[in-house]
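Trainee: The structure under discussion is supplied below as structure tokens; questions concerning it will follow.
The values are calculated or read from the model by the stated rules, or taken from the named source; none is laboratory data. These figures come from a predicted structure and were not determined experimentally. Note that each Cβ is placed from the backbone with ideal geometry, even for glycine, and that neighbours are counted across all protein chains shown.
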Amino acid sequence: MQARIYVTLKQGVLDPQGEAVRHALGAMGFDGVHGVRQGKLLDVELDAASRDEAEARLREMCEKLLANTVIEDFRVELL
């Protein structure tokens, strides 16, 4: 089974990398960009007996390793 996991900083958490990208875009002439948030995209391929099992395992992976749940949110999408 294939899945895509999106990990992003929670609202209210400062994103210095996103701010650096926003600043660089402005310096390159891309006006009107008021905010950039940086995140991670992970494509995972795994064996699972069902979609429910796959989703549960992926959520556990995120909670234990792939996302820092104190400051990051994650979303699992089965493909």
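Trainee: Does Arg4 qualify as being assigned to a strand (DSSP E or B) and touching a strand residue (DSSP E or B) at 6+ places or on another chain (Cβ under 7 Å)?
Mentor: Yes, satisfied.
Trainee: Follow-up question, since we're still on this one. Does segment 28-47 contain any residue that is of a type in the set (Gly, Ala, Ser) and touching a residue at least 40 places away in the same chain (Cβ under 8 Å)?
Mentor: no
Trainee: Determine, yes or no, whether Gly29 is outside any helix (DSSP H, G or I) and either modelled with pLDDT under 95 or among the charged types (D, E, K, R) (or both).
Mentor: Against the criterion (outside any helix (DSSP H, G or I) and either modelled with pLDDT under 95 or among the charged types (D, E, K, R) (or both)), Gly29 does not qualify.
Trainee: Checking Gln11 against (1) modelled with pLDDT under 95; (2) more than 13 Å from the chain's Cα centre (by Cα), which single condition isn't satisfied?
Mentor: All conditions pass for Gln11, except number (2).
Trainee: Go through segment 7-26 and give me each residue that's part of a loop (DSSP other than H, G, I, E, B) and acidic (Asp, Glu).
Mentor: Asp15
Trainee: Looking at Lys64, Lys40 in this structure, which one is among the basic types (Lys, Arg) and either assigned to a loop (DSSP other than H, G, I, E, B) or exposed (fewer than 10 other Cβ atoms within 10 Å of the Cβ) (or both)?
Mentor: Lys64
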